[in-house]
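Colleague: Once you've had a glance at the structure underneath, I'll fire off some questions.
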Amino acid sequence: MGSTTVLSAIPEVASEYNTTGTVCISTAFLFACCSLGTALSPNLASFFVFRILTAFEGTSFLIVGAAVLGDIYRPTERATAMGWFLSGTLIGPALGPFIGGIIVTYTSWRVIFYLQTGLAAVGTVLSYFLLPETIHQTKTHLLKGLPLRKQASVLAQLTNPWRVIALFKYPPLTLISLCSSSLVWNMYSLLTPIRYVLNPRFGLTSPMQAGLFYLAPGAGYLAGTFMGGRWADHTTKKWIEIRGERVPEDRLRSGIPFLGIAIPASVLIYGWSVDQAVGGIPVPVICLFVQGVAQLFCFPSLNTYCLDVLPELGAEVIAGNYM
């Protein structure tokens, strides 16, 4: 819980005042170390400790990555880029259980975290060599010429994670955060219990068999990657032509059909088919696919709105949205 609230904000806020490259490289390296620690855990207590530490590091990429997109893309292009960026964070939870199911069926669970360590190590190397600095102007100049004690005081204020929470005084950001929370709740309420809901329903016995169901939302996320962000940018351009100016809230119109119709309808049909044991395997598979597509029509719009409405506080706003 802490990894997505106050503690996660520290590297995200720091990225505004230092360098995104330093933040990404350091967190990628620590993520790899914590993943290796998880794989080598001798007992359950150490397993939980390393998993918590891994979450602290992993959250940084979600916010810093979104802030980077705000630095390098124009407002009418951001949602398309955001869709591609978010596809990785959504396809991972969908396809990860499928890969994990294969691994634990034929070998040890520790292999999952060895694989994660290797991927994190590759990410560290790529961040070091390929990730340029994107912040147009840092605030480190505020520290120049100050005595050491005053520098410490100013730095503490600049990197105070409570600055993120203070943004909730703006009602639109609070509503956007609640909307994002409902989408994440929806995603994990469908993905997490698949093995415990669909295995008994269809008489499946192995983790690998249950993992096959994760391919449906994964395919939906992949399909949504190509359309969701583009649709949000198209909606923004359309309303610029109508109004003669860009209003950040116009972007949110792109997600209304999916938030209001597609997601609720597919959840209801999914729950009904499982509860009443009707429709066979195709019904939940189709519903999971529709969920994946619809969510990637919503997430880019919501996250890009956060960058549009307060571009000078991109990292903080995105961090607050992930809370």
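The values are calculated or read from the model by the stated rules, or taken from the named source; none is laboratory data. Treat the numbers as computed from the prediction; the structure is a model and nothing was measured. Every residue, glycine among them, receives a Cβ derived from its backbone with ideal geometry; neighbour counts consider all protein chains shown.
Colleague: Quick check on my filter: what residues within region 287-319 are buried (at least 24 other Cβ atoms within 10 Å of the Cβ) and without any contact (Cβ under 8 Å) to a residue 12 or more places away in the chain?
Modeller: none
Results for (1) over 30 Å from ALA55 (Cα atoms); (2) over 19 Å from the mean Cα position of the chain (by Cα), shown as yes or no for each residue.
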| position | (1), (2) |
| --- | --- |
| ILE261 | yes, yes |
| ILE281 | yes, yes |
| CYS287 | no, yes |
| CYS306 | no, no |
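Colleague: Within region 269-286, can you find the residues that are without any contact (Cβ under 8 Å) to a residue 60 or more places away in the chain, assigned to a helix (DSSP H, G or I) and within 20 Å of TYR196 (Cβ to Cβ)?
Modeller: ILE269, GLY271, TRP272, SER273, ASP275, GLN276, VAL283
Colleague: Further question: Could you identify the single residue in PRO217, PRO193 that is surrounded by 13 or more Cβ atoms within 10 Å (Cβ to Cβ) and of a type outside the set (A, V, I, L, M)?
Modeller: Answer to the check: PRO217.
Colleague: Do the conditions hold for PRO93, that is, is it outside any helix (DSSP H, G or I) and either touching a residue at least 12 places away in the same chain (Cβ under 8 Å) or under 21 Å from the mean Cα position of the chain (by Cα) (or both)? Explain how you work it out, then say what you get.
Modeller: Values: outside any helix (DSSP H, G or I): no; either touching a residue at least 12 places away in the same chain (Cβ under 8 Å) or under 21 Å from the mean Cα position of the chain (by Cα) (or both): yes.
No, not satisfied.
Colleague: Quickly run through region 148-177 and pick out the residues that are surrounded by 12 or more Cβ atoms within 10 Å (Cβ to Cβ), of a type outside the set (A, V, I, L, M, F, W, C), assigned to a helix (DSSP H, G or I) and at pLDDT 80 or above.
Modeller: Once the filter is applied, which keeps residues that are surrounded by 12 or more Cβ atoms within 10 Å (Cβ to Cβ), of a type outside the set (A, V, I, L, M, F, W, C), assigned to a helix (DSSP H, G or I) and at pLDDT 80 or above, region 148-177 yields PRO172, THR174, SER177.
Condition check ((1) over 17 Å from GLY118 (Cα atoms); (2) aromatic (Phe, Trp, Tyr); (3) surrounded by fewer than 24 Cβ atoms within 10 Å (Cβ to Cβ); (4) in contact (Cβ under 8 Å) with a residue 60 or more places away in the chain) across all residues:
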site	(1), (2), (3), (4)
ALA32	no, no, yes, yes
ASN43	yes, no, yes, no
PHE48	yes, yes, yes, no
ALA55	no, no, yes, no
ILE63	yes, no, no, yes
TYR73	yes, yes, yes, no
THR76	yes, no, yes, yes
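Colleague: From (1) closer than 16 Å to SER182 by Cα; (2) touching a residue at least 40 places away in the same chain (Cβ under 8 Å), pick out the condition that doesn't hold for ILE256.
Modeller: (2)
Colleague: Ok, one more. Looking at this structure, is ALA210 of a type outside the set (Asp, Glu) and either free of Cβ contacts under 8 Å to residues at least 40 places away in the same chain or crowded, with 20+ Cβ neighbours inside 10 Å (or both)?
Modeller: It is true that ALA210 is of a type outside the set (Asp, Glu) and either free of Cβ contacts under 8 Å to residues at least 40 places away in the same chain or crowded, with 20+ Cβ neighbours inside 10 Å (or both).
Colleague: A further question on this structure: Within region 80-123, can you find the residues that are buried (at least 17 other Cβ atoms within 10 Å of the Cβ), among the β-branched types (Val, Ile, Thr) and touching a Leu at 6+ places or on another chain (Cβ under 8 Å)?
Modeller: ILE91, ILE103, THR117
Colleague: Which one of these does LEU204 not meet: (1) surrounded by 15 or more Cβ atoms within 10 Å (Cβ to Cβ); (2) more than 14 Å from VAL293 (Cα to Cα); (3) touching a residue at least 12 places away in the same chain (Cβ under 8 Å); (4) hydrophobic (A, V, I, L, M, F, W, C)?
Modeller: (3)
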